[in-house]
Every structure is written in C-alpha cells, then in structure tokens.
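Student: Just dropping this structure here.
The values are calculated or read from the model by the stated rules, or taken from the named source; none is laboratory data. This one's a predicted model, so the numbers in the text were calculated from it and none came from an experiment. All Cβ positions, glycine included, derive from the backbone under ideal geometry; neighbour counts span all protein chains shown. In case anyone asks, the SASA skips ligands and DNA or RNA and just uses the protein heavy atoms, side chains included. Shrake-Rupley method; radii C 1.70, N 1.55, O 1.52, S 1.80 Å.
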Amino acid sequence: MSEVHSYFFWIELIDLSLATIFYFVIRAGFLDKWKVTISLISSNLLILPLLAISGGVNSPLAFFLPLMPIMAALIGGRIESLVIGIILISAIVLATIFGNVIMDLNDHVYSNEKTISRSFWLIITIVFSMFFGRFFLQKFTELTDQLKDENLQDPLTNLLNRRGLSYHLEKELNKADINSPVALLLIDIDYFKNINDVYGHDIGDLCLTEVAVILKAALRKNDIIARFGGEEFIIILPNTPKTEAITIAEVLRNKVSQETYSEFKLPLTITLGVTESKRENDTTLKIIKRADKALYKGKDKGRNRVEISEN
C-alpha cells in the first residue's frame, strides 16, 4: 500500500510541476501563437502518468485515448491532431514494452497476450481517429468557407455584396500609402428605374447581371468589384493613382455603352465617380462618400460620364 502511495505522490508532483510550467508559459505570452498546441499537448502529458499507474493499456481510461486526436483536430487543427496521435501511440508502445512493471490499481492479473492485443487495437483506433479528425476538419473548413462566401456574395450577380466590399476595402486601405494609393470607382446604371417600370424587375435583374459580367471581365486580376446595392457597383483598384483610375473608368464606360442588354436589346450607359485614398485617417466610409459626391456630380452634368472627386 505504501508503494501505491509513493506512486501517487510522484505522479501528483510531476503533474503539478508540468501544469505550473504550462500555465506560466501561456500567461506570460511566450509562444502565444502556439498556446492551443501547448495546451493540448500538456493535457495529454498530464493524463498519461495516471494511465501508467492504473494499468496502462489495460486501464479503463485507455479507451478514451482514441477520442483525443479528434478533439485536437476540432480545437487546434491538423498538426495538433497529428502531434497528439504520435504522443499517444508512443505512450502505448512504451506501456506495452514495460507492461509487466506498470501498476494496476484494479489488481488484475497481468497478461502479456492481452496487453499486446489491446495495444494493437488502440493504435489502430488512434490512427483511424487521426484520419477521421483530418477528414472532419477538411469538411468543416469547406463548409465554413462556403458559408463565408455566401455571406459575402451578392446572390444575383455573384459579385461581392456590401459586407464583402467593406472587408476588402478596409484591408486595401490598411495596405495603402502615398506611393501605392487605392482608387475607388462608384458606378450607377443611368435611368435604370425606367427599365424596371417598363419591362419589369426580371428584365432589370437580367440587365444588372449582364452589366456585372462586362465590368468584371474588363478589370485587372487584382481589382475587386462589388454590388453596392440596387443598380450601383463599386470597384476597388489597388495600387492605382487617380489618374490611372480615370483611364480605367473611361474604358468601362465605353464597354458598357457599346453593348445591348436582355432579349429586348436595351442600350445602357453608366456614370462613374472616381476617387483615391488619402494618406492620413482615411476610412471606408470617407472614401465611399467622396466617390458618391463625384458620382452625383456626374449625374447632374448629364450622366454617361466619368467624374472625379474634388479632394
């Protein structure tokens, strides 16, 4: 009985020491980006000594081990699941090799054949758990990305919606500086309400979709286009000064005016407001407001034109 108490004392001391080290490492901010991985590894290292004094692979606790790679995949990721799986398999192999000296608190008679058999199936189950965790994580990531895309995408035109626009515009503004400004084009289809009134909203939606295809096809690889709402579009032009943005805007205006739309062969034109990012304290709201003012100035001047913001 004193031998059991001695085992417990040393196991408790080791676990307490490991837990204290891991706690202060995480609290101090060391290796902060690895804190999830460290937490998962530490939790496994803390439970393994308990297994060692309760029968090793013959312990009832051992049957919970295959769940750990799946939990590691869900909480951490693919690498964490792999690391936890390797730790567990290594521990099982060691527990099998030294099985005859591992204490069993349930006083079971040690059987080498039973130990090897359980070790084999535990390892097979853990390997399966690692693959299942990776598969589940892959499917979860795919579904998350799909939901994210749907949340950022306009269902009619398949362009970005306002939420997607805000996300990308804020990111580009954060990267912009005086040598690589961000230009913005705010586009409105001229007299679009007349199309909805005369031909109906189905034809109006078709015209919107066809204009969106033309605008997107004419852009450069890194340019970003979004539907701003109604018949308005916004185009983000990274690393583009206002002078170059004006040239791009004129190209877009000409391409739209040269086509006809829907089965009714309707002619359409667009008016564009152009602005660029400022170096200091610029925000998505401010730059859109500047483009909007330029757009309405273009409408006041007769539409089917490109207008530049004053500041």
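Student: Say R0 is 35 Å: what FRET efficiency, to the nearest 0.05, do Lys286 and Asn151 get from their beta-carbon distance?
Tutor: 0.90
Student: If I model a spin label as a point 7 Å beyond the Cα along the Cα-Cβ vector, how far apart are those points for Thr269 and Leu94 in nm?
Tutor: So the two model labels end up 8.0 nm from each other.
Student: Where Rh denotes the Kirkwood radius from the mean inverse Cα pair distance, what is Rg over Rh for region 166-266?
Tutor: Rg/Rh for region 166-266 comes to 1.03.
Student: Would you kindly compute the Cα radius of gyration of region 173-232 and its largest Cα-Cα separation (Dmax), both in Å?
Tutor: 14.9, 48
Student: Per-residue HN-Hα couplings for region 224-233, Karplus 6.51 cos²θ - 1.76 cosθ + 1.60 at θ = phi - 60°, whole Hz, x for Gly and Pro?
Tutor: 3J(HN,Hα) across region 224-233, in whole Hz: 10, 10, 9, 8, 8, x, x, 9, 10, 10.
Student: In addition: Collect residues whose amide H, placed 1.01 Å from N in the peptide plane, falls under 5 Å from the amide H of Tyr261; neighbours closer than 5 in sequence don't count.
Tutor: Result for Tyr261 returns Leu266.
Student: Then there is this: Please list the non-local residues whose amide H lies under 5 Å from the amide H of Gln153, H modeled 1.01 Å from N, same-chain partners needing a gap of 5 or more.
Tutor: For Gln153, the qualifying residues are Asn161.
Student: Once R0 is set to 22 Å, what does the formula 1/(1 + (r/R0)^6) return for the Cβ-Cβ distance between Ile124 and Ile75, expressed as a FRET efficiency to the nearest 0.05?
Tutor: Values: r = 23 Å, r/R0 = 1.06.
It comes to 0.40.
Student: Give Lys139/Lys175; Lys265/Lys293; Lys216/Lys299; Lys255/Lys299; Lys265/Lys286; Lys193/Lys278 a once-over and call out the pairs whose C-alpha atoms are over 29 Å from each other.
Tutor: Lys139/Lys175; Lys265/Lys293; Lys265/Lys286; Lys193/Lys278
Student: Roll a 1.4 Å probe over the protein chains and send me the accessible area per residue for region 148-295 in Å².
Tutor: Ligands and nucleic acids excluded, the result is 52 Å² per residue.
Student: So how much accessible area does Thr157 have, in Å² to the nearest 10, using a 1.4 Å probe?
Tutor: My reading of the accessible area for Thr157 is about 20 Å².
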